[in-house]
Every structure is written in structure tokens, then in C-alpha cells.
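Participant: Have a look at this one before I ask anything.
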Amino acid sequence: MASKFYITTPIYYVNAAPHIGHSYTTIAADTLARYHRLLLGEKNVRFLTGTDEHGQKIQRAAEAAGLSPLEFTDTIVPIFKKLWEKLNISYDDFIRTSEDRHVRTVQRVLSILKDKGEIYPSEYEGWYCTPCETFWMEKQLEDGKCPDCKRPVEKIKETNYFFKLSAYQDWLTRYIYEHPGFVKPASRYEEVVKFLELNKLNDLCISRPSERLSWGIPFPFSPEHVTYVWFDALINYISAAGDFDENGLYRSEWWQKDAVVVHLIGKDILRQHAVYWPIMLKALGIRLPDTVFAHGWWMVGEDKMSKSRGNVISPLDMVDKYGLDVYRYFLLRDVPFGLDGSFSEESLVQRFNGDLANDLGNLVYRTLTMIEKYFDGRIPVREAAGSNAAPAAGAIDAKLARLSAEVKAHLAEAADYNFGAALESIWEAINMANKYVEETKPWNLSKEGKLTELKDFIAVLVDVIRHTQEALSPFMPSTCASIRQQAGSHVIKKGNPLFPRIDTRKPSA
């Protein structure tokens with residue numbers, strides 16, 4: 001098993017406020033970071049997020065707001081940080097591409113690649129999409145428009161610097177064939193393989209003339225050029241985690257052979273992460289990340305969320321209305337990670353009333369109520385266990401004994417980050433405990449004076465609560481902290497129900 005775990009989100013573009021898609025990636029990364037801290041220890045996990053602040057879109061948005069680009073980004077970055085605080089995101093580092101540490105690293109990368117002969121200047125004429133900040137050849141256009149965003153392009157002719165992407169196509173194709181876990185899920189892996197099989201890579205234009213775009217990282221050897229935003233942005237993963245020595249060798253404890261490196265991204269930026277980025281690292285002599293995981297989009301009905309459609313859902317609104325951990329749970333449970341999902345408040349409420357109120361909340365509250373009623377608030381010590389336990393209790397014991405391994409199979413190394421399956425395993429234990437209550441009828445044990453059986457029964461329920469809260473803590477940290485406070489010692493501290501049911505009945509006319 002690896003001794004270190006380094007996980008990143010994409011750095012988010014600051015031309016607009018964050019929405020549910022941003023929160024989805026970040027909550028998933030936070031869950032994996034929290035899980036691996038339990039597994040490896042706090043000091044052996046690094047969780048990076050941040051903001052992507054350069055490029056033409058930012059420059060134009062700043063001009064429209066009557067601000068300099070840096071002033072503009074300074075107004076947006078706190079919005080992201082406030083949201084991550086509200087969502088209880090436990091990042092270890094927040095990088096901005098306008099920071100000196102990042103600028104220095106990007107310029108060092110450019111110098112190293114130029115010295116290696118991997119970068120060259122050339123005159124270029126092509127079609128440019130400003131929203132995507134990407135050049136396209138005429139044959140790549142669709143109805144004369146950008147093939148990605150379907151918006152108009154403009155003809156541009158200028159001298160720029162190019163990175164020799166094309167020289168690495170055979171190497172990358174071979175590498176991906178030999179490392180099927182490099183891109184996940186399987187559908188995205190097949191997408192990258194197909195792209196490499198059907199397309200010839202062109203060298204990547206990695207500069208923009210500063211007279212056309214001033215807001216970018218200047219080339220160290222060509223002041224009249226700034227760095228293409230995507231080339232700049234990808235480097236954040238190494239600029240935040242290490243540095244180059246005097247010989248141009250990258251040094252970082254988070255990129256050693258004993259570390260697992262995972263990039264979580266949305267599927268719309270898969271090509272940059274699965275094609276550009278590994279080739280950049282190869283040219284620099286740096287090991288590749290272990291996994292690039294591209295998840296799906298959250299839709300509203302059949303439509304992707306977008307500001308232009310007016311269907312963007314605010315994470316803050318959902319948290320204020322239903323609670324933080326309810327929102328976190330819903331995002332990770334309702335849709336298999338990697339697929340597109342359709343967001344609806346009706347589905348969220350169903351999860352709230354079913355999984356959280358009826359199952360988890362009910363188990364905790366009625367167990368504490370029974371401890372309060374039958375044992376004056378003191379958690380009883382179990383007497384019968386193992387082969388002496390009742391069959392139902394034995395089945396629960398067996399489930400709890402394998403629960404950690406079941407969760408690990410879905411969340412740890414070489415896993416597919418199947419949050420839903422991990423949660424399903426946890427809920428199996430919760431449901432077994434609730435069924436145990438209904439079948440045992442503890443009120444009858446009390447009436448019949450079967451004190452030993454009642455003690456053992458309650459102790460089993462407490463075991464379930466403690467084991468499941470530990471397994472659930474990366475997903476719902478605040479809820480689990482509350483459970484530990486209520487049932488974490490010998491004497492309970494019963495509070496209010498964790499999830500009071502939401503009344504969905506419509507008022508009668």
C-alpha cells in the first residue's frame with residue numbers, strides 16, 4: 001500500500017461564481033482525502049484545490065467590470081473559499097495561478113522545455129475560439145464554429161511558441177494501453193483511446209502575443225508572449241507540491257514512487273488532463289499521476305446546468321435549505337460517480353426522509369432513547385459475543401468485521417471511487433440493526449426481566465452506530481461528530497433527532 005496520497009481538484013476558472021458542479025468535484029475529493037487520512041494519517045495526505053486566473057475570458061470580464069484582472073480575480077476567489085468553508089472542505093492547500101510560486105514554476109518549466117528542444121517558435125494561422133481559448137484547424141470546425149462550445153471563431157495569424165505534443169503520440173498511446181487504470185471510469189478510458197487512435201496530435205500552441213493578451217504569465221525568454229492558459233493551469237499540480245532543483249529535476253514528496261497521485265476532474269476537460277498533461281510531464285522527466293478520474297455532469301432534466309439557460313443550482317441554497325451533510329450525502333449517493341446525474345430537490349428529499357431520517361437518524365435516536373430508558377443513560381457492556389451471540393447479532397458482528405474492507409475496496413488504491421457502493425455497504429449494516437430492533441422487540445425483553453439479553457441487544461446497536469459513523473465520517477463529517485458526541489463514551493448525551501423528517505404532504509384545499 002502507498003504511504004502517501006495526493007489528491008487534486010481542477011483549479012476552477014474565476015470568470016463566474018461556483019455552482020453545483022464545482023461543489024460536486026470538491027466534495028468528492030474531500031471525501032477521499034478524509035478517508036485516506038483515516039487510512040494513512042493526517043501528515044501523509046495532501047488535498048489541493050484552487051483557482052485558474054489567467055486568460056482572455058478573465059481579461060475581458062475584468063474590463064467589463066472596470067477592474068484590473070488581478071482586482072477582478074481578488075473579488076471572485078473569496079467566493080470560492082467561502083463556499084468551501086461552508087461545505088466543510090478540508091483542503092490542505094489553495095493555489096492561485098497568479099501567485100508567485102506558480103508563476104516561478106511555470107517560467108521554469110518553459111525554460112527547461114526550451115533547453116531540451118521541446119518548444120519552438122513558428123508562425124501560425126488558424127481559427128481561434130475566445131471562450132475556449134483554443135486554436136482550431138479549418139477541418140476541425142463544425143459549421144464554421146468551435147467544435148467544443150459551438151460558438152463563433154475568428155481568423156488569427158501570428159507568431160507563437162509550440163510544444164512538441166505530436167512527438168509523444170506513440171508513447172502516450174502505448175502508455176495508456178499498458179495502464180488501463182490511468183484514466184477512469186472505463187467509458188472515459190475508451191474515449192481517450194479512441195481519440196488517440198482516430199486523430200493525429202498536432203503540436204500545441206502554448207503562447208499568446210502579449211499585445212493581444214496581456215493577462216498571463218510572461219515567457220522568460222520572450223517577453224512579448226504570455227503563456228497559454230491551459231499550459232499554465234495544468235502546472236499547478238506540481239507548482240503547489242514541489243520545486244525544480246538547479247539541474248532542472250523536480251523534487252516533491254508527493255510525487256515519489258510511494259505516493260498515489262489522483263486528479264479528479266469533470267469530463268469536459270478530460271483531453272487536457274489525459275493527453276496534454278501526461279506528455280508535459282514526460283517531457284519534463286516527471287512521473288505521471290496514477291489516475292485521472294473524469295466524472296459526469298449534473299443536469300437539470302435533460303439540460304446541462306448553465307448560466308445562459310438560467311438553471312444553475314446554488315450549493316449554498318441547498319445547504320441552507322436542507323443541511324450540509326444532507327447535500328454531501330445526496331451528491332455522492334444518488335448517482336454513480338462518473339455518470340451524468342439529474343438533480344432534483346424531490347430526489348434529495350426522498351434521500352433525506354428515507355436513508356437519513358428513517359434509517360440512520362432513527363437508529364441513533366431510538367438506541368439512545370432505550371439506553372436512557374432502560375439503563376439511566378449508561379451504555380451497557382456486552383456479555384454474549386462470538387459463538388455465544390444470538391444468530392442475528394452474530395450476523396451483524398460479521399458485517400461490522402468486514403465493513404472496513406468493503407469500504408476500502410471502493411475508495412482506496414486501484415478503486416473506482418464508487419461512493420454509492422461504499423455508502424450502500426454502510427447502509428446494509430444500519431438496516432440490519434433496524435431490522436434487529438423490529439425482530440427482537442426489546443420492550444418485551446424489559447417486561448420479561450431479561451436484563452442480560454437486553455444489555456447485549458443494546459450493546460450490539462451501539463457497536464453498529466460506532467462502526468458506521470467511523471465509516472461514514474469522510475462523507476458526513478459534521479453528522480458523525482454529532483454521533484460521537486452523543487454515543488462516544490460510557491454515558492450518552494442524547495440530543496435532538498439528527499434528521500427530522502420533512503413533511504411532503506401537500507396542504508388540503
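Bear in mind these aren't lab numbers, they're just calculated from the coordinates by the rules spelled out. Bear in mind that the values here come from a model prediction, so they are computed numbers and not experimental data. Reconstructed Cβ throughout: ideal geometry from the backbone, glycine too, with neighbour counts over all protein chains shown.
Participant: Hey, got the dipole for the range 344-487? About the Cα centre, +1 on K and R Cβ, -1 on D and E Cβ, debye to the nearest 20?
Facilitator: I would put it at about 500 debye.
Participant: Quick one: Karplus J couplings for the range 321-330, per residue in order, coefficients 6.51, -1.76, 1.60, θ = phi - 60°, nearest Hz, x for Gly and Pro?
Facilitator: Going residue by residue, I get 7, 10, x, 4, 5, 5, 5, 4, 4, 4 Hz, with x marking Gly and Pro.
Participant: Could you work out how much longer the chain between Ala186 and Asp397 gets when fully extended? Use 0.36 nm per residue separation minus the Cα distance between them, nm to one decimal.
Facilitator: Fully extending the segment from Ala186 to Asp397 adds 72.5 nm.
Participant: If you don't mind, another one. Can you list the GluC sites (Glu not before Pro) in the range 147-208 that are in a DSSP coil and have 15 or fewer other beta carbons within 10 angstrom? Numbers along the way, then the final one.
Facilitator: Details: sites: Glu154, Glu158, Glu178, Glu190, Glu191, Glu197; in loops: none.
Hits after loop and neighbour filter: nothing returned.
Participant: While we're looking at this one, here's another question. Just to be sure I understand: of the beta bridges DSSP finds with both ends in the chain, what percent are antiparallel, rounded to 5?
Facilitator: Expressed as a percentage, antiparallel bridges in the chain total about 50.
Participant: Dipole of the chain (Lys/Arg Cβ +1, Asp/Glu Cβ -1, origin at the Cα centre): which of Leu284, Thr9, Gln350 lies farthest to the positive side?
Facilitator: The listed residue farthest towards the positive side: Gln350.
Participant: Let me ask something else about it. Starting from the 7 Å offset along Cα-to-Cβ, what nm value, one decimal, do you get for the label separation of Ser122 and Lys150?
Facilitator: 3.2 nm
Participant: Follow-up. For the range 419-498, with the dipole built from +1 on Lys and Arg beta-carbon atoms and -1 on Asp and Glu ones, taken about the Cα centre, which of Asn431, Val491, Gln469 lies farthest toward the positive end?
Facilitator: It is Val491.
Participant: Would you calculate the separation in nanometres between label points at Lys435 and Val381, each defined as 7 Å from the Cα along the Cα-to-beta-carbon direction?
Facilitator: Result: 3.2 nm between the two label points.
Participant: May I ask you to evaluate 6.51 cos²θ - 1.76 cosθ + 1.60, the Karplus curve with θ = phi - 60°, for each residue of the range 19-27 and list the ³J(HN,Hα) values in order in whole Hz, giving x for glycine and proline?
Facilitator: Rounded to whole hertz, the list is 10, 4, x, 4, 5, 4, 4, 6, 5.
Participant: Which angle from 0 to 90°, rounded to the nearest 10, does the C-alpha axis of helix 477-487 make with the longest principal axis of the chain?
Facilitator: 20 degrees
Participant: Taking amide H positions as placed in the peptide plane 1.01 Å from N, state which residues far from Lys184 in sequence (5 or more) or on other chains have amide H under 5 Å from it.
Facilitator: Hits under the 5 Å cutoff: Val292, Phe293, Ala294.
Participant: Between Leu40, Ala389, Thr51, whose Cα lies farthest towards the positive end of the dipole of the chain when Lys and Arg beta carbons carry +1 and Asp and Glu beta carbons carry -1, centred on the Cα centre?
Facilitator: Ala389
Participant: In terms of the Cα gyration tensor, with a ≥ b ≥ c the square roots of its eigenvalues, is the range 1-128 rounded because a/c is under 1.5, prolate because a/b exceeds b/c, or oblate?
Facilitator: The shape class here is oblate.
Participant: Helix-only estimate, please: 222 nm mean residue ellipticity of the chain, summing -39500 (n - 2.57) across DSSP H runs of length 4 or more and dividing by its residues, to the nearest 500.
Facilitator: -14000 deg cm²/dmol, from helical runs alone.
Participant: Please work out which option in (1) 30.9; (2) 28.9; (3) 22.8 gives mean projected area of the Cα convex hull in nm² calculated from these coordinates, and answer with its label.
Facilitator: Correct label is (2).
Participant: Between the helical axis of 391-411 and the dominant principal axis of the chain, each derived from Cα atoms, what acute angle in degrees is found, rounded to the nearest 10?
Facilitator: The two axes meet at around 10 degrees.
Participant: Let me ask another. Taking only the alpha-carbon positions of the range 344-487 and ignoring solvent, what does the Debye formula give for the base-10 log of I(q)/I(0) at q = 0.13 Å⁻¹?
Facilitator: -0.60
Participant: Another question about this same structure. For the range 4-295, what is the percent of antiparallel DSSP beta bridges, rounded to the nearest 5?
Facilitator: Counting DSSP beta bridges with both partners in the range 4-295, the antiparallel share is about 50 percent.
Participant: Per residue, what volume in Å³ does the Cα convex hull of the range 35-83 take up? List each step's numbers first, then the result.
Facilitator: Working: hull volume 4.9 nm³, N = 49.
Dividing the Cα hull volume of the range 35-83 by its residues yields 101 Å³.
Participant: Please turn the phi angles of the range 258-273 into ³J(HN,Hα) values with the Karplus equation 6.51 cos²θ - 1.76 cosθ + 1.60 (θ = phi - 60°), one per residue in order, whole Hz, x for glycine and proline.
Facilitator: Taking θ as phi minus 60°, the curve returns 8, 9, 9, 10, 10, 9, 9, 9, x, 5, 6, 10, 5, 4, 4, 7 Hz for the range 258-273.
Participant: Of the cross-linked pairs Lys373/Lys494; Lys304/Lys408; Lys114/Lys157; Lys455/Lys493; Lys116/Lys282, which ones have a Cα-Cα span greater than 21 Å in the structure shown?
Facilitator: In this structure, Lys304/Lys408; Lys114/Lys157 lie more than 21 Å apart at Cα.
Participant: On a 0 to 90° scale, report how tilted helix 69-86 is relative to the longest principal axis of the chain, with both axes built from alpha carbons and the result rounded to the nearest 10.
Facilitator: 20 degrees
Participant: Using DSSP to define loop residues, name the trypsin sites (Lys or Arg not before Pro) in the range 119-169 whose beta-carbon has at most 16 other beta-carbon atoms within 10 Å.
Facilitator: Numbers: sites: Lys139, Lys145, Lys150, Lys155, Lys157, Lys164; in loops: Lys150, Lys164.
Passing sites in the range 119-169 are Lys150.
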